[in-house]
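What follows is a set of notes on a single structure, which appears directly below.
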Amino acid sequence: MKDIHQKLLAAFDVEHREHLARIRLYLDSVRNGADAETLKAQLSESFRSAHSLKGASRVVDLKVVSDLAHKMESLFARVQTQKSETSTAFVGTMAACLDLIEDIVAASRAGSDLPDTVPAHGNLDKLLSGEEAVSVSPAATFPASPAIAVAAVSPESQARSPAATAISVLPLPSATTEPVAKIQKQSASSKPTSQNFDTMRLSVEHFDRLLKTSGEVISFTRNQDEAAQRLRDMYRTLREMQKEWNAVQKNSTIFLKNQHNDPDKIRFAKYFAYVETQIRNLGRQLRSASTNQNQDSFILKNLGEKLQDDVQNARMISAGEVFESFPKMMRDLAKDDGKEIEFSTAGMDLEADRLVLQAIKDPLMHILRNALSHGIESPDKRLTTNKPKSGNIRLSVEMLSRRLVVKINDDGRGLNLTAIKSKALENGLANQAELDSMSEAELNQLIFSAGFSTAEKISDISGRGVGLNVVREATDKLQGEVFVESTEGFGTRFVISVPLSLSNHRLLLLKSQNQIFAIPTYAVQSVQRAKRQDLTTIEGRHVIKNKDVFIPIMALSNLLGMKETSVTSDQDTFSFAILKLGEKRLALAVDSLVGEKEGLIKELGLPLSRSNRFAGGILLDRNAIALVIHPPSLFEAYLQLKSGRPLEIAQKAQEKPKLRILVVDDSFTTRILEKSILEAKGYNVSVATDGLEALAFLKAHDVDLIISDVEMPRMDGLALLREVRSMPRTAKTPVIMVSSRDTREEQERGLNLGADAYLSKQEFNQTVLLDTIRQVV
């Protein structure tokens, strides 16, 4: 038991510093005259920190801290309701209490006498009663940013060291900011204990940055696949060039064979040999580069995935190590509240990301406290309702579909729907008509609203209206969801579902208004296609039938408030995804379903970070970013669009088929030039080296335009033109002749044979060619 208590104290030593740091930040902002919006947000955080500090201190039997935190919480509540002001005495008293709490924890860790708390209580009581407190010097310094301990540290801890969060699989006996070398020196000189371990400290910021960097490495390695494909395409193009060059060289060999005495022809032959050598060498280099790039890409991808796995595994820890304080907390709370309970756990050996477990620890603590305070009846009351004298509360952890699912069940009185409706009406959450139309599940979800509490009085463990709102905010930040089910008189069950790790998320990619968005797959029930006639209108809103259930459907662009709200359809069908949130369903109509992707969600900068509709962004290929949508926000947006704007479906514009052009020229350079110009403008281009090859192609393929040189071996362009005009299938195909012979007679000759245009190579350029094509086609 002593070892367990020391572990709890070590965990509390870490946790209490984080709460004190938040409160100190608020007090510092008050001193410096921060703006009202900042003060309001920090006041809310300070209020919650005092609330959490009160509960955590009870777990480690530090009632003196719990009592101080309770009064501090009450003072913050008075400031929030504007029943008290943040005077100099308020700031000084609060700062002194924070120092006192640190001293108490340090003394408790060291086993020495606890400091006197009577003066501090006196000052707090005077502030609560409206009297001025005695003069106290406010604390001038504040703790540093939280850090993560990668391994457990030595027991010696300084009283005012920065807060730390344990991340090793080893238990965390204490926290310290002393250098590693100093810690190891102290350990060597002291008597060895089971709690002395080698130590390394890594800040939260640096560790998270390492995780994000590993995720980005994975994303960028995928770009290497594109680079590999481009190299392969270049190699294939070079092979085609080599074939063309071989044909040119073969024809020129006959010509040059008997020209060995002509110096110009000799230089020409040498140039041919040089080009052939360069093409062969370039081919070998490209083939080698492509092979090496493929190997490097494969290795880089594997190393990136291994790096990400190693970083992720470093943060994996069993749920029991994070939630080990819960049994004692529940026993102590039950004793203080005069109740008897049997608290049980299951699945505590399941491992998950420590940051995920730490993020839901406080929310789970609030649910457990509520289950005891609001749910479990007193022993006498339970006996009168034929229940066992001891209440039952069970915490279970399991993994479903790569998500961490935590359930808390109790056999208490259940939720009081009448009281929930009354409180919701009082807080302005809904009017009577809206409450009457809500289902039981929707009414249950109201308890997660800010400031919602049905407690008749404020106690040490309930009545503030803080806990369940914290639960929803925490799960939202984790891309999770929380639901509550209850049967009045028989108990309540809370279900929290969050990602197993923060490093990777599985996302569905959707396209709407030429933008790609992502939605976590945990919120996607199915993806489908439907026809316009499948839509039905109920009370002015479009719905679609799915498994005998009518589901409301709306364009994603409409829910996101985009300017254009219609969706495009292809052949009278459109795509949609059905979202699920508890028992709720909503169909999102989109332009197309892009696919799925796994990756790290990155935080967004201003102004998008202020929107509750987006949880972050994910890096796509080619460095593009897809905004990740927060699913609950879509359901909220749908409810706000009460007018029920009908789904608008626009027919997808039919793409104009590409014109197919045949380029005929014996010059390899000219063919490549014309082909590149035309393909850059979206044309489909084929090539032929002379008239005979062109005729063979035309007998097997249809083309929209022929661009032909005049002077070519075997069959020249004019002979080709006569054949084209003589064949029924090509008689009306436009033909553009291109020649170095630009005399008027030559042009008239080509035009008389049926050419639609005649261009001179001396005046040939890209603009002239494209303008001519637009004229004749």
If the requirement is being under 24 Å from the mean Cα position of the chain (by Cα), small (Gly, Ala, Ser) and farther than 23 Å from Arg58 by Cα, which of these qualifies: Ala352, Ala359? Ala352
Within the stretch 5-38, count every residue that is touching a residue at least 40 places away in the same chain (Cβ under 8 Å) and not β-branched (Val, Ile, Thr). 20
Can you pull out the residues in the stretch 712-742 that are open to solvent by 60 Å² or more (accessible area, probe 1.4 Å) and either farther than 19 Å from Ile661 by Cα or not charged (D, E, K, R) (or both)? Pro713, Arg714, Ser726, Pro728, Arg741, Asp742
Touching a His at 6+ places or on another chain (Cβ under 9 Å), under 18 Å from Val495 (Cα atoms) and of a type in the set (Gly, Ala, Ser): is that true of Gly375 in this structure? no
If we only count strands (runs of 3 or more DSSP E) wholly inside the stretch 340-428, which ones have 3 or more residues that are farther than 30 Å from Asn504 by Cβ and open to solvent by 20 Å² or more (accessible area, probe 1.4 Å)? 341-346
Among Ser57, Ser44, which is of a type in the set (S, T, N, Q), within 30 Å of the chain's Cα centre (by Cα) and modelled with pLDDT of 80 or more? Ser44
Meets criteria (open to solvent by less than 20 Å² (accessible area, probe 1.4 Å) and not acidic (Asp, Glu)) for Val64: no
Breaking point among (1) under 25 Å from Leu372 (Cα atoms); (2) open to solvent by 20 Å² or more (accessible area, probe 1.4 Å); (3) in contact (Cβ under 8 Å) with a residue 12 or more places away in the chain, for Ala56: (2)
Taking interchain pairs and intrachain pairs at least six residues apart, which have beta carbon atoms under 6 angstrom, with the first residue in the stretch 522-548 and touching a residue at least 40 places away in the same chain (Cβ under 8 Å) and open to solvent by less than 60 Å² (accessible area, probe 1.4 Å) and the second not acidic (Asp, Glu) and not in a strand (DSSP E or B)? Ala523/Pro631; Gly540/Gly644; Arg541/Gly644; His542/Pro646; His542/Leu647
Here's a check for you: in the stretch 288-318, which residue that is closer than 30 Å to Phe12 by Cβ and within 24 Å of the chain's Cα centre (by Cα) is most open to solvent (accessible area, probe 1.4 Å)? Asn313
Could you go through the stretch 692-711 and let me know if any residue there is within 28 Å of Leu238 (Cβ to Cβ), open to solvent by 20 Å² or more (accessible area, probe 1.4 Å) and charged (D, E, K, R). yes
Inspect the stretch 524-537 for any residue being under 29 Å from Gly304 (Cα atoms) and at pLDDT 85 or above and give the result as yes or no. yes
For Arg31, work out the one condition from (1) modelled with pLDDT under 85; (2) surrounded by fewer than 24 Cβ atoms within 10 Å (Cβ to Cβ); (3) more than 21 Å from Gly92 (Cβ to Cβ); (4) not small (Gly, Ala, Ser) it doesn't fulfil. (3)
Looking at the stretch 695-777, what strands (runs of 3 or more DSSP E) fall wholly within it and have at least 1 residues that are touching a residue at least 24 places away in the same chain (Cβ under 8 Å)? 705-709, 735-739
Working only within the stretch 656-669, note down all residues that are modelled with pLDDT under 90 and buried (at least 16 other Cβ atoms within 10 Å of the Cβ). Leu659, Asp665, Asp666
If a residue has to be at pLDDT 85 or above, under 48 Å from the mean Cα position of the chain (by Cα) and surrounded by 14 or more Cβ atoms within 10 Å (Cβ to Cβ) to count, how many in the stretch 109-127 make the cut? 8
State which residue pairs qualify: first residue of a type in the set (Ser, Thr, Tyr) and inside the stretch 108-126, second residue open to solvent by less than 70 Å² (accessible area, probe 1.4 Å) in any location, beta carbons under 6 Å apart, and separation of 6 or more residues or different chains. Thr117/Val64
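The values are calculated or read from the model by the stated rules, or taken from the named source; none is laboratory data. Keep in mind the model is a prediction, meaning the values are calculated, not measured. We place every Cβ from the backbone using ideal geometry, glycine too, and count neighbours over all the protein chains shown. Just the protein is used for accessible areas: all its heavy atoms, side chains included, with ligands, DNA and RNA removed. Shrake-Rupley method; radii C 1.70, N 1.55, O 1.52, S 1.80 Å.
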